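For reference, the structure discussed in these notes is given below.
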Amino acid sequence: MDISLKPGVKIEGLRPEVVLGLMCVKEVFDKYRYELVITEGTGGTHMVGSLHYKGLALDIRSKHISDAVTKAKMLFDCQDALGENFDFILEGDTRINEHFHLEFDPE
Ligand SMILES: [Zn+2]
């Protein structure tokens with residue numbers, strides 16, 4: 001399956017740790033046969049102190065995954081593949097806003 005960037009996504013300053021994490025996530029998306037679209041990188045508006053601004057976070061499209069069970073499985077598989085140094089969560093409270101958020105955040 002393809003990997004693509006939403007037009008206008010800012011990727012300057014993205015750290016290699018996150019790119020490595022993205023490779024793990026890509027394997028899971030391939031397994032479930034979903035396109036992986038990066039919807040935000042180091043740009044956009046996030047909460048103060050967000051790891052997006054440090055190049056340690058990425059947002060990935062989730063709204064094209066219509067089946068909730070599949071989405072939950074992908075969430076689990078991605079976190080499992082990434083290990084404890086990463087967080088992989090579903091963010092956004094509406095269907096329009098929701099997305100996966102990947103960040104490198106070792107304790
Ligand atoms: Zn995010």
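Considering helices alone, the calculated mean residue ellipticity of the chain at 222 nm is -9500 deg cm²/dmol, with DSSP H runs of length four and up weighted by -39500 (n - 2.57) and normalised per residue.
With a ≥ b ≥ c taken as the square roots of the eigenvalues of the C-alpha gyration tensor of the chain, please select rounded if a/c is under 1.5 and otherwise prolate if a/b is larger than b/c or oblate if it is not? Taking the square roots of the gyration eigenvalues as a ≥ b ≥ c, the chain is rounded. Dividing the alpha-carbon radius of gyration of region 1-48 by the rule-of-thumb value 2.2 N^0.38 Å gives 1.22.
Counting only protein heavy atoms and using a 1.4 Å probe, what share of the accessible area of region 1-96 belongs to carbon plus sulfur, as a whole percent? Before the final figure, lay out each step's value.
Details: 3290 of 5790 Å².
Carbon plus sulfur share of accessible area: 57 percent.
In region 45-81, which residues have a backbone nitrogen under 18 Å from the label point lying 7 Å from residue 90's Cα in the Cα-to-Cβ direction? Taking a point 7 Å out along Cα→Cβ of residue 90, the residues of region 45-81 whose backbone N falls under 18 Å are 59-81. If only the Cβ of Lys and Arg carry +1 and only the Cβ of Asp and Glu carry -1, the dipole of the chain around its Cα centre is close to 400 debye.
The values are calculated or read from the model by the stated rules, or taken from the named source; none is laboratory data. Just so you know, these numbers come straight off a predicted model, no measurement behind them. Note that each Cβ is placed from the backbone with ideal geometry, even for glycine, and that neighbours are counted across all protein chains shown. Side chains are part of the model used for accessible areas, which takes the heavy atoms of the whole protein and leaves out ligands, DNA and RNA. Shrake-Rupley method; radii C 1.70, N 1.55, O 1.52, S 1.80 Å.
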